[in-house]
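So the structure is just underneath, and the comments pick up after that.
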Amino acid sequence: MQPAIYLDNNATTRVDPEVVSAMLPFFTEHFGNASSMHGFGTAAGAGLARARTQVQALLGAAHDHEVVFTSGGSESNATAILAALAASPERREIVTSAVEHPAVLALCQYLAKQEGYELHIIPVDDKGRLDLDAYRAALSERVAVVSIMWANNETGTIFPVEHLAVMAKALDIPFHTDAVQMVGKSTLSLADSAIDLLSLSGHKLHAPKGIGALYVKRGTRFRPLIRGGHQERGRRAGTENIPGIVGLGRAAELALAGLADENTRVRGLRDRLEQGLLARIEHCFVTGDVENRLPNTANIAFEFIEGEAILLLLNREGVAASSGSACTSGSLEPSHVMRAMGIPYTAAHGATRFSLSRETTEADIDRVIEVLPGIIARLRGLSPYWNAAEGTAKSFEPAYA
Amino acid sequence: MWNYSEKVKDHFFNPRNVGVLDAPDGVGEVGSIACGDALKLMIKVAPADARITDARFQTFGCGSAIASSSALTEMIIGKTIDEALTVTNQDIAGYLGGLPPEKMHCSVMGAEALRAAIANYRGEALEADDDEDGALVCKCFGITEGLLSRAIRTNALTTVETVTAYTKAGGSCATCRDKIEMVLGDVNAEMVSEGLLESAKAFRYRGRGLGETAPVTTPATARPTPPARPAQLRPAQAAVKPAGAKPAGGPMTLVKKIALIQEALEAVRPTFQRDGGDVELVDVEGDTVSVQLFGTCVDCSMSAFTLHMVQEKLSEALGRPVRVVPADDSMAA
């Protein structure tokens, strides 16, 4: 069954119909190779150039040539990290955080294991906030690259990345940030920042899957990951995915125009959802840094029940969400983000993420607030832990007449 | 989304026999909230013919865990105790029209709960199970040698990966991988000799020199070179250099080292005690520190993460990377 209420926008978003219509001519009409001399190529080249300035505007970048189109977030992350390492082969250390997306964390662990790099994995506290002392201590002239995400995909927690970049810059360390969740949700001004490299992904902002970009600040030392052609000024070979790029450009334009809505209306809906659920369901709490996070993300840990069961029952009610529980991932443990925050296991298995978008409506939110308390109660009714827990809670809450 | 059969979905959305039995004749409890799934099975048994007249369950877990519990109750009601004992996890999975391989451990949990409930009915002390069920192999998920052997036999498992999928053993910190290989090798060898398994398919444990060049060692004290680590390496096992650690000035005496480790452990103990657990130093061997976890920490699926935290603190205190592993009972003895 197709859920009618889609609250899993941190996983992927619906392609905006305006993005689709911007792309369509580039499949059948302006299908040329942007490198060709004829008219077909010229039209494709024009679409490419326009998209580059559209993405530049969303990032607040100083130059359009700082935008390198890639196949998506993972390619951008790999390119950024490997490019920085290749540019400073004498430096043998990497700094990253414990809550990165696997596209960064798994690559860094691979580099540590296979290439002998020394890895500094900066921990977070129980609210998911980065340990700044540990970060400061890890920085040295031996570090080849820092890669720290801007906003966390599971909790929405925002790291003070601009500040972290300044600290790295002081020691002349290239700074990369995986910003796939941040771009399109906050006003950015990379021209004024010390960030050297930034990854973004199209499908997180209503563009299609398979397209993304890497921001490379002018003057940053860089080695391409994919060699062969002169495309993207020699920084990413391969005939450009013109329809995807045009779509990303249009999506960037729409995201820029929607920033105010994202930070007022969408934020308000998110808060309404959270408050509504917390008021109606006992033994649950919001994970992450509540004061400092994406406007669209709510991650709520429901104690004494398991996330997959919540998702299956929500899905039956037409609501799509996601979970950091072990069972949904196919691994046997709750997500590394929940574990890094030290969320107790009684709650980590029931952590459920709702991620909104500009397409989310008040009716969507009200529907979730309506159905979820029953689902939680139903699963707790099945749980051998629940009665005991209820008893404990009661014993701590004096009854008032 | 998992590709669940219609039968699994039916038993998840409409679970049968949920709840608590008044004065049950047998109760079986397996798993723990830490492991991500747990099942409490209660049975009523007619004294005349030892027939199960009613069964109820309470389950914490995913869709297939709830469906497996529900199916189990349906399967055993009306069976005599002896008949019920023949129900295997394969039967539960089959009744449900199959389970995804990663979810087979849910059916194993059902079969184990049934076994425990019947043992309880027969008055066999569950506590005595430890001896009967052999040593704890996977500390993260509390999986014993006995459970591993049964799962390997019933499902004709021949790889460590499938053992993990069916029992969860080794699915967290993976420090028990070698022990799983030993059990797998032993059970497969038995199955071959009983004609239950083709010799070519059997898993052969490499640490014991079955025609290998590796030296023969006694299993109790053997600490063979670990085989290739599973793909999902955890930060704890990567070459993590503690942030902010200064290189030690010179070689450290063992006494000094242990004192520093004790001091660092004392500092983290309150965190454990808050959660009803505790941690204690067992041994220091080179850069490997064995610690014993107690209380709720023992079968907490977070224990790998916990160890990672301890590892960071110890590395910080010593100014050099160390590896923290759960103490092995047989080695500590």
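The values are calculated or read from the model by the stated rules, or taken from the named source; none is laboratory data. Note that the coordinates shown come from a computational prediction; the quantities given were computed from them, not determined experimentally. Virtual Cβ from ideal backbone geometry, glycine too; neighbours counted across all protein chains shown. Just the protein is used for accessible areas: all its heavy atoms, side chains included, with ligands, DNA and RNA removed. Shrake-Rupley method; radii C 1.70, N 1.55, O 1.52, S 1.80 Å.
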Q. Quick one: which of A:30-41, B:100-111, A:360-371 comes out on top by average Cβ neighbours within 10 Å, and what's the full order, highest first?
A. B:100-111, A:360-371, A:30-41
Q: With unit charges on the beta carbon (Lys/Arg positive, Asp/Glu negative), name the residue among A:Leu379, A:Thr96, A:His30 whose Cα is farthest towards the positive pole of the charge dipole of the protein assembly as shown.
A: A:His30
Q: Quick one: angle between helix A:307-316 and the longest Cα principal axis of chain A, in degrees between 0 and 90, rounded to 10, please.
A: 90 degrees
Q: Assign one of three labels to chain A, namely rounded, prolate or oblate, based on the Cα gyration tensor with a ≥ b ≥ c the square roots of its eigenvalues; rounded applies when a/c is under 1.5, prolate when it is not and a/b is larger than b/c, and oblate otherwise.
A: oblate
Q.
Among A:Leu372, A:Leu382, A:Leu119, which one shows the highest mean-square fluctuation when chain A is modelled as a Gaussian network with alpha-carbon springs under 10 Å?
A. A:Leu382
Q) Using unit Cβ charges (K, R positive; D, E negative) and no other charged atoms, how large, in debye to the nearest 20, is the dipole of the protein assembly as shown about its Cα centre? A) 2100 debye
Q: Classify region A:1-100 as rounded, prolate or oblate, taking a ≥ b ≥ c as the square roots of the eigenvalues of its Cα gyration tensor: rounded when a/c is under 1.5, otherwise prolate if a/b is larger than b/c and oblate if not.
A: oblate
Q. Under 17 Å Cα-Cα from A:Lys113, which aspartates and glutamates qualify once same-chain neighbours fewer than 8 residues away are excluded?
A. A:Glu93
Q) How big, in percent, is the set of alpha carbon pairs in the protein assembly as shown lying more than 37 Å apart? A) 47 percent
Q: Would you calculate a helix-derived [θ] at 222 nm for the protein assembly as shown, using -39,500 (n - 2.57) for each DSSP H run of n ≥ 4 and dividing by the full residue count, to the nearest 500?
A: -12000 deg cm²/dmol
Q) So which lysines pass the test for B:Lys257, namely a Cα distance under 19 Å, with those fewer than 8 places away in the same chain ruled out? A) B:Lys241, B:Lys246, B:Lys313
Q: Rounded to the nearest Å, what's the spacing between the alpha carbon centres of region A:43-65 and region A:99-172? Just the number, please.
A: 29 Å
Q.
Looking at chain A as a GNM with Cα springs under 10 Å, which of A:Glu100, A:Glu90, A:Glu154 has the largest mean-square fluctuation?
A. A:Glu90
**Q.** Above-threshold pairs, the threshold being 26 Å between Cα atoms, out of B:Lys9/B:Lys168; B:Lys40/B:Lys79; B:Lys9/B:Lys179; B:Lys9/B:Lys40; B:Lys7/B:Lys168
**A.** B:Lys9/B:Lys179
Q. Mind ordering A:140-147, B:57-64 by average Cβ neighbours within 10 Å, highest first?
A. B:57-64, A:140-147
**Q.** Most fluctuating residue given options A:Glu274, A:Glu29, A:Glu317, as computed from a GNM of chain A linking Cα atoms under 10 Å
**A.** A:Glu29
(Q) Using only Cα atoms and rounding to the nearest 10 degrees, what angle (0 to 90) does helix A:102-115 make with the longest principal axis of chain A? (A) 70 degrees
Q. Ballpark to the nearest 100 Å², how much total accessible area do B and A bury together, probe 1.4 Å?
A. 3800 Å²
Q) From a point 7 Å beyond the Cα of B:Thr80 in the direction of its Cβ, which residues of region B:26-58 have a backbone N at a distance under 18 Å? A) B:44-54
Q.
On a straight-distance basis, which lysines could pair with A:Lys209 in a cross-link, Cα separation under 25 angstrom, same-chain partners fewer than 8 positions away excluded?
A. A:Lys185, A:Lys217
